[in-house]
Amino acid sequence: AQRVTQPEKLLSVFKGAPVELKCNYSYSGSPELFWYVQYSRQRLQLLLRHISRESIKGFTADLNKGETSFHLKKPFAQEEDSAMYYCALLQGNKLVFGAGTILRVKS
Amino acid sequence: KAGVTQTPRYLIKTRGQQVTLSCSPISGHRSVSWYQQTPGQGLQFLFEYFSETQRNKGNFPGRFSGRQFSNSRSEMNVSTLELGDSALYLCASSLIAVRETEAFFGQGTRLTVV
């Protein structure tokens, strides 16, 4: 079955430190993967998708098919990055979400 | 442009009752998906509608149903409510499908079953 695993419920880092939010997936075929973010009291929104290969707000994510991973990275965390991050896999027209990781950036 | 609007924002119902939630997609969007979000199960897909037809369905019991109107507005209905149905219900709209275009989420409807 298609599944997305985010092993960390909470990741706490200091401002300016590098960030890596882990995401592993199981999928038979060519996966399409996304990162969604939910800031406090705001709606869930798309951060980036792997096919666009963009860097949004300094975040990047590379699809590693060998390791079945799609980790989200940022070289220098900022306090405004504090939020809940969800990794998601596209299955047909539906999104299969991981459990989410809370990122807390401390000053 | 206006975002995805879900009404009501909060709802309290008694076990055994039924409930209807509404979602107005972004103007021009024809695909509407529904998700259930709970602390234990996370975000789970309920169903997706496109041009008034259910195109995809998740693994939820038949008590969960939905429909889409000609103006793309969608409703979901839960009958014979159970305590475990307490959740945040999110609606997402996209132009055609998530595969082709971005999905935009609403603020959600918080349903509490007592």
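The values are calculated or read from the model by the stated rules, or taken from the named source; none is laboratory data. This one's a predicted model, so the numbers in the text were calculated from it and none came from an experiment. Neighbour counts are summed over all protein chains in view; Cβ atoms, including those assigned to glycine, are modelled from backbone coordinates with ideal geometry. To get the accessible areas, we keep the full protein, side chains included, count just its heavy atoms, and leave off ligands, DNA and RNA. Shrake-Rupley method; radii C 1.70, N 1.55, O 1.52, S 1.80 Å.
With N set to the residue count of chain A, report its C-alpha Rg divided by 2.2 N^0.38 Å to two decimal places.
Details: Rg = 13.1 Å, N = 107, 2.2 N^0.38 = 13.0 Å.
Here the Cα radius of gyration is 1.01 times the empirical estimate.
Sum up the charges of everything whose Cβ sits under 11 Å from the Cβ of A:R49, counting Lys and Arg as +1 and Asp and Glu as -1, but leave A:R49 out. The partial results should precede the final answer.
Details: positive: A:R53, B:R99; negative: A:E32, A:E54, B:E102.
Here the charged neighbours net out to -1.
5 Å is the cut-off here: which amide hydrogens, built 1.01 Å from N in the peptide plane, fall below it relative to A:A17, excluding neighbours closer than 5 in sequence?
Under 5 Å from the amide H of A:A17: A:A77.
Out of residues 5 or more away from A:R104 or on other chains, whose amide H comes under 5 Å of its own, with H placed 1.01 Å from N in the peptide plane?
Long-range HN contacts for A:R104: A:L11, A:S12, A:V13.
Run the dipole for the range A:32-102 about the Cα centre, Lys and Arg Cβ at +1, Asp and Glu Cβ at -1, nothing else charged, and hand back the magnitude in debye, nearest 20. It would help to have the intermediate numbers written out before the result.
Details: 9 positive and 7 negative charges, 38 e Å.
So the magnitude is around 180 debye.
Give the residue list of GluC sites (Glu not before Pro) in the range B:1-102 that are DSSP loop and have at most 10 other beta-carbon atoms within 10 angstrom.
Numbers: sites: B:E48, B:E52, B:E75, B:E82, B:E100, B:E102; in loops: B:E52, B:E82, B:E100, B:E102.
Those that pass, being in a loop and sparsely packed, are B:E100.
Which cross-chain or sequence-distant (5 or more) residues have an amide H under 5 Å from the amide H of B:Q107, H modelled 1.01 Å from N in plane?
B:Q6
Rounding to the nearest 20 debye, state how big the charge dipole of the range B:36-114 is about its Cα centre with +1 on each Lys and Arg Cβ and -1 on each Asp and Glu Cβ.
Working: 7 positive and 7 negative charges, 15 e Å.
Once rounded to the nearest 20, the dipole reads 80 debye.
Normalise the Debye intensity by I(0) for chain B, one equal point scatterer per Cα, no solvent, then take log10 at q = 0.09, 0.11 Å⁻¹ and round to two decimals.
Reported log10 I(q)/I(0), two decimals: -0.21, -0.31.
Let me check I've understood the local charge: for B:K57, count other residues with C-beta under 12 angstrom from its C-beta, Lys and Arg +1, Asp and Glu -1. What total comes out?
Taking every Cβ under 12 Å from that of B:K57, the sum is +1.
Would any residue of the range A:6-36 have its amide N under 13 Å from a label point 7 Å out along Cα→Cβ of A:N64? List them or say none.
A:20-25
In square angstrom, rounded to the nearest 10, how much accessible surface does B:T20 have for a 1.4 Å probe?
It works out to around 60 Å².
Please give the charge dipole size of the range B:16-74, origin at the Cα centre, charges +1 on K and R Cβ atoms and -1 on D and E Cβ atoms. Round to the nearest 20 debye. Please report the intermediate quantities before stating the final value.
Values: 6 positive and 2 negative charges, 16 e Å.
The dipole of the range B:16-74 has a size of about 80 debye.
Where does the charge balance sit around B:I96 when Lys and Arg score +1, Asp and Glu -1, over other residues with C-beta under 12 Å from its C-beta? Write down the numbers at each step before the final one.
Values: positive: B:R30, B:R55, B:R99; negative: B:E48, B:E100, B:E102.
That works out to 0.
Using only protein heavy atoms and a 1.4 angstrom probe, determine the accessible area buried between A and B, summed over both sides, in Å² to the nearest 100. Can you show the working numbers first?
Values: alone 6310 and 6210 Å², together 10830 Å².
So the buried area, both faces added, is about 1700 Å².
Looking at the range B:86-114, which residues lose a minimum of 30 Å² of accessible area between their chain alone and all protein chains in place, measuring with a 1.4 Å probe and not counting ligands or nucleic acids?
B:V98, B:R99, B:E102, B:F105, B:Q107
Order the following by accessible area, largest value first: A:D62, B:D85. Probe radius 1.4 Å; ligands, DNA and RNA are ignored. Kindly include the intermediate steps, with their values, before the conclusion.
On the way: A:D62 95, B:D85 10 Å².
Of A:D62, B:D85, the descending order of accessible area is A:D62, B:D85.
Protein chains only, probe 1.4 Å: how do B:I12, B:I26, A:I51 rank by accessible area, largest first? List each step's numbers first, then the result.
Numbers: B:I12 125, B:I26 10, A:I51 95 Å².
Largest accessible area first, the residues go B:I12, A:I51, B:I26.
R0 = 41 Å: FRET efficiency of B:Q54 with A:K106, Cβ-based, nearest 0.05? Walk me through the intermediate numbers first.
Values: r = 45 Å, r/R0 = 1.11.
Result of the calculation: an efficiency of 0.35.
Counting only pairs 8 or more places apart or on different chains, how many lysine pairs in chain A have C-alpha atoms closer than 13 Å?
Working: A:K9/A:K22; A:K15/A:K74; A:K15/A:K106; A:K22/A:K73; A:K22/A:K74; A:K57/A:K73; A:K57/A:K74.
Total qualifying Lys-Lys pairs in chain A comes to 7.
Sort A:R41, B:R63 from largest to smallest accessible area, using a 1.4 Å probe on the heavy atoms of the protein chains. If you can, show how the numbers build up before the last one.
Numbers: A:R41 215, B:R63 45 Å².
Reading off the accessible areas and sorting them downward yields A:R41, B:R63.
Report the semi-axes of the equivalent ellipsoid for the range B:64-114 in whole Å, largest first, where each axis is √(5λ) for an eigenvalue λ of the Cα gyration tensor. Working shown, then result.
Details: eigenvalues 121, 36, 14 Å².
Its equivalent ellipsoid spans semi-axes of 25, 13, 8 Å.
Kindly identify the protein assembly as shown as rounded, prolate or oblate by the Cα gyration tensor criterion: order the square roots of the eigenvalues as a ≥ b ≥ c, call it rounded if a/c is under 1.5, otherwise compare a/b with b/c, prolate if a/b is larger, else oblate. Walk me through the numbers before you get to the answer.
Working: a/c = 1.79, a/b = 1.53, b/c = 1.17.
Verdict is prolate for the protein assembly as shown.
At a Förster radius of 35 Å, what calculated FRET efficiency corresponds to the Cβ-Cβ distance of B:S70 and A:S28, to the nearest 0.05? It would help to have the intermediate numbers written out before the result.
Values: r = 37 Å, r/R0 = 1.06.
With R0 = 35 Å, the Cβ-Cβ based efficiency is 0.40.
Ignoring ligands, DNA and RNA, what percent of the accessible area of the range B:1-113 is carbon or sulfur (1.4 Å)? Spell out each step's value before the answer.
Working: 2520 of 5290 Å².
Of the solvent-accessible surface of the range B:1-113, carbon and sulfur hold 48 percent.
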